[in-house]
Ligand code: KIV
Ligand code: ZN
């Protein structure tokens with residue numbers, strides 16, 4: 001019987017720390033719902049003490065999620081630990097996650113604590129966390145650059161104080177797979193009291209080795225891998241959930257381990273995250289990139305036609321990539337629509353389903369054939385345009401190659417009706433974004449892209465923007481058959497996130 005590895009997903013905490021990846025409580029809930037469907041074991045929902053908004057999001061996720069444990073990160077501070085507990089107390093399976101750095105470099109330069117003080121702090125913090133919560137995880141930050149014996153003593157202190165999971169963080173993505181594997185083994189053999197507890201691995205991707213390090217750690221005996229969807233995270237990101245899980249799945253013959261993740265939900269979950277963040281991933285990204293299962297070279301195509309196994313180690317269906325687009329039209333009824341929505345894996349409340357059906361009808365009036373990709377795009381969009389603080393009511397654009405672009409926008413603001421804004425710009429999109437800035441404040445456009453959701457002249461256009469103000473970067477997404485409307489919606493989506 002293969003050993004079952006736990007998957008801790010930290011998209012909503014470590015992933016969310018990456019520039020442009022911040023999410024509000026509603027978006028975190030949406031992603032948490034997808035992670036629950038995906039059947040990860042533990043969702044790290046945030047760092048509750050970092051802000052009231054983060055605490056609120058952790059509490060909302062903890063209350064909603066029933067099928068996974070939910071955790072929140074804390075520094076070794078009583079106030080952090082209590083705030084995390086306060087946010088987690090309604091979870092079906094709460095876990096408090098405490099961390100402290102253990103490398104000499106971090107202890108001396110950042111913490112200004114001696115080894116003895118670190119050991120005492122870990123003991124006191126884990127003990128304090130255990131007062132509230134029976135499930136406590138302790139993470140050693142920068143563990144891979146720490147003295148191995150000292151690391152064992154720190155983990156022993158955490159175990160003595162009641163921690164059930166000991167996490168080895170490769171915080172700066174420095175370790176090589178052989179080193180990571182040997183560190184896991186060293187800890188398993190040299191740390192007193194570790195038998196029967198979970199050793200976790202938490203790799204970062206600075207050298208592009210994160211997924212490889214996670215698998216090496218698991219092969220060496222780790223029982224938990226810490227990952228994010230699409231590998232989002234600080235700098236080069238974390239180990240990508242899809243890579244680690246499909247590594248376990250595809251190479252079960254070599255690793256003799258499994259995990260409970262529903263691989264058929266991977267593609268959908270990754271797409272949801274991309275749409276929430278307005279994130280565009282590179283086409284050659286393993287598992288979820290556009291080209292991950294595409295065979296272009298003639299020799300490969302020929303081989304795949306003869307036998308898929310010649311050039312395919314995984315089937316696209318196994319990660320839930322739809323093989324055939326279904327097509328609906330303006331005569332399709334509610335029943336066919338509801339069935340399609342269900343087959344796409346969405347479970348919408350009656351009100352949301354009815355409003356998605358209205359949006360589908362409106363689209364079917366403009367577009368002869370509405371595909372499953374269109375419907376997916378519409379559903380992800382639903383709610384965002386009607387609930388944001390700034391909402392587009394109407395727009396008129398004047399543009400040409402001999403004149404400045406002019407945009408006249410009517411925006412609803414909060415409970416108030418339309419406010420009219422006029423701006424000139426370097427083309428229609430620039431003018432429209434400047435008009436929004438007149439009301440919403442100064443934002444700089446950092447990136448902008450436009451893609452067709454499906455083929456054909458009447459395709460839905462999907463605009464992705466990243467904007468910046470003095471408080472940070474925000475991404476937004478908008479879809480419409482009109483590319484200017486899609487762009488304005490994307491910009492408003494990003495502005496609304498900044499509020
Ligand atoms: O990378 C890291 O060290 C972390 C810990 C806080 C677990 O994210
Ligand atoms: Zn990390």
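By the count of neighbouring beta-carbon atoms within 10 Å, fewest first, 198, 147 end up ordered 147, 198. Once C-alpha pairs closer than 8 Å and six or more residues apart are averaged by separation and normalised to the residue number of region 1-70, the relative contact order reads 36 percent. Translational diffusion coefficient, Stokes-Einstein: compute it for region 403-476 using the Kirkwood radius over C-alpha pairs as Rh, at 4 °C and 1.567 mPa s, and state it as an integer in µm² s⁻¹. The diffusion coefficient I find is 94 µm²/s. Normalised by the number of residues in the chain, the mean separation of alpha-carbon contacts (under 8 Å, six or more apart) gives a relative contact order of 11 percent.
In this structure, residue 149 and residue 294 have a Cβ-Cβ separation that, at R0 = 35 Å, corresponds to a calculated FRET efficiency of about 0.10. The calculated 222 nm mean residue ellipticity attributable to helices in the chain amounts to -12500 deg cm²/dmol, summing -39500 (n - 2.57) over DSSP H runs of n ≥ 4 and dividing by all residues. The listed peptides 335-341, 218-224, 475-481, 40-46, ordered by packing as a protection proxy, come out as 40-46, 475-481, 218-224, 335-341 (highest mean of other Cβ atoms within 10 Å first). Taking a point 7 Å from the Cα of residue 334 along the Cα-to-Cβ direction, the residues of region 358-375 with backbone N closer than 13 Å to it are 358. Specify the angular offset, from 0 to 90 degrees and rounded to the nearest 10, of the alpha carbon long axis of helix 25-38 from the longest principal axis of the alpha carbons in the chain. Rounded to the nearest ten degrees, it is 70.
With distances taken between every two different alpha-carbon atoms, region 76-134 has a Kirkwood hydrodynamic radius of 12.3 Å. Between residue 350 and residue 448, the C-beta separation translates, for a Förster distance of 45 Å, into a calculated FRET efficiency of about 0.80.
Annotation: Cα Rg of region 83-196 relative to the compact-globule expectation 2.2 N^0.38 Å equals 1.06.
The Rg/Rh ratio of the chain, with Rg taken over Cα atoms and Rh as the Kirkwood radius over Cα pairs, comes to 1.00.
The protection proxy used here, the mean number of other Cβ atoms lying within 10 Å of each residue, ranks peptides 306-315, 404-413 as follows, highest first: 404-413, 306-315.
Below 8 Å between Cα atoms, with a sequence gap of 6+, how large is the relative contact order for region 378-462 in percent?
The normalised contact order for region 378-462 reaches 18 percent.
Tell me whether region 375-436 comes out rounded, prolate or oblate; compute the Cα gyration tensor, take square roots of the eigenvalues as a ≥ b ≥ c, and use a/c under 1.5 as the rounded threshold. Cα axes put region 375-436 in the oblate bin.
Relative to the current alpha-carbon distance between residue 439 and residue 51, full extension at 0.36 nm per residue lengthens the span by 137.0 nm.
Peptides 190-196, 62-68 ranked from most to least packed give 62-68, 190-196, packing being the mean of other C-beta atoms within 10 angstrom over each peptide's residues. I want the antiparallel fraction of DSSP beta bridges within region 121-263, as a percent rounded to 5. Taking every DSSP beta bridge within region 121-263, about 5 percent pair in antiparallel fashion. Note on residue 90 and residue 389: with the Förster distance fixed at 30 Å, the Cβ-Cβ geometry gives a FRET efficiency of about 0.60.
Using the alpha carbons of region 150-251, what is the convex hull volume per residue in cubic angstrom, as a whole number?
Residue-normalised Cα hull volume stands at 95 Å³.
Modelled spin labels at residue 343 and residue 112, positioned 7 Å past Cα toward Cβ, are 6.4 nm from each other. Scaled against the 2.2 N^0.38 Å expected of a compact globular protein of N residues, the Cα radius of gyration of region 9-49 reads 1.08.
Between residue 250 and residue 302, the simple spin-label model (points 7 angstrom out along Cα→Cβ) gives 2.4 nm. Remark: 326, 107 ranked as 326, 107, counting other beta-carbon atoms within 10 Å and listing the fewest first.
Stokes-Einstein diffusion of region 316-471 at 10 °C, 1.306 mPa s viscosity, Kirkwood radius from Cα pairs, rounded to a whole number: 89 µm²/s.
Overall form of region 208-260: prolate. Here a/c, set by the Cα gyration tensor axes a ≥ b ≥ c, is 1.5 or more, and a/b is the larger of a/b and b/c.
No lab work stands behind these numbers, since they all come straight from the coordinates. Bear in mind that the values here come from a model prediction, so they are computed numbers and not experimental data. Methodologically, a virtual Cβ is constructed for each residue, glycine included, from the backbone with ideal geometry; neighbour enumeration extends over all protein chains shown.
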